[in-house]
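I have placed the structure first, in the form of structure tokens, so that the comments after it can refer back to it.
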């Protein structure tokens, strides 16, 4: 299993554990009230949405992951397409961060 697949699987597991917030309106509402350890952003999302979430993430020091398309991100969380997914659990964020480091080292 590649690191990218592992990240998708961990995101799906976090979604089933109710540790994610999916969708534009829900994500903005959540981020206005609290911060999250990690934000997934579709690399093929609309420029306005992508820029809005990048600014929010930078302001709140949130790690942004943009390795998935809308379809791949949606599939990971059990939906058709998704541009933004917030990960609310620090434990899942650490596991995904570990998989990201493995991917950066050349583990696919």
| Just checking, how many residues over the range 24-69 are farther than 22 Å from residue 90 by Cα and crowded, with 19+ Cβ neighbours inside 10 Å? | 1
| field | Residue count for the range 89-99, restricted to those that are crowded, with 18+ Cβ neighbours inside 10 Å and within 12 Å of the chain's Cα centre (by Cα) | value | 3
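Only the coordinates and a few stated rules stand behind these numbers; no lab work does. Computed from a predicted structure; not experimentally measured. In this analysis, Cβ positions are derived from the backbone assuming ideal geometry, glycine residues included, and neighbour counts consider all displayed protein chains.
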